[in-house]
Amino acid sequence: MLNTNTRDISQARFDATAATEDHLRYHGAALCDLLDALDGETGFSTFCDLHSAFGRPVPEADAVQAALRDIHNILADQAPSTLDRIGYERKIPASDMTRWHGARVSELLARFHDAE
């Protein structure tokens, strides 16, 4: 008997990975700029890990999900005062960008959780 549940989960994870790739195609540069502007190297490094996961012929869903989770945590951990300082120094709406990208990353992560 064919186990369709496993196939459905695999397809759902593939779809979540594809949605992440589509999102990065349109909004990856802005997310990269934001993570680069935030204090520390961790955010930018994590973005590079996420980007490199799509350099493989078939992206590994676990690597994509882990990088998204790390990016989500980095964005969520930013203090408002830090975002205000970054916004002032770099002349970007850092607080708004963090909220917007955080919401989009949350939506992408939810697709992975729905696939489990």
(message) If a residue must be part of a helix (DSSP H, G or I), in contact with a helix residue (DSSP H, G or I) (Cβ under 8 Å, 6 or more places away or on another chain) and more than 12 Å from residue 35 (Cα to Cα), how many such residues does the stretch 96-116 contain?
(response) 8
(request) From 37, 76, 29, grab the single residue that is surrounded by fewer than 13 Cβ atoms within 10 Å (Cβ to Cβ), among the hydrophobic types (A, V, I, L, M, F, W, C) and farther than 26 Å from residue 115 by Cβ. (result) 29
(message) Can you tell me which of (1) modelled with pLDDT of 95 or more; (2) under 14 Å from residue 32 (Cα atoms); (3) surrounded by fewer than 16 Cβ atoms within 10 Å (Cβ to Cβ) is the one residue 84 doesn't meet?
(response) (2)
(request) Have a look at 77, 84 and point out the one that is touching a helix residue (DSSP H, G or I) at 6+ places or on another chain (Cβ under 9 Å) and either more than 21 Å from residue 17 (Cβ to Cβ) or not charged (D, E, K, R) (or both). (result) 84
(request) Could you check how many residues of the stretch 26-46 are outside any loop (DSSP other than H, G, I, E, B) and under 17 Å from residue 100 (Cβ atoms)? (result) 13
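The values are calculated or read from the model by the stated rules, or taken from the named source; none is laboratory data. It should be emphasised that the depicted structure is a prediction, and the values quoted were computed from it without experimental measurement. Reconstructed Cβ throughout: ideal geometry from the backbone, glycine too, with neighbour counts over all protein chains shown.
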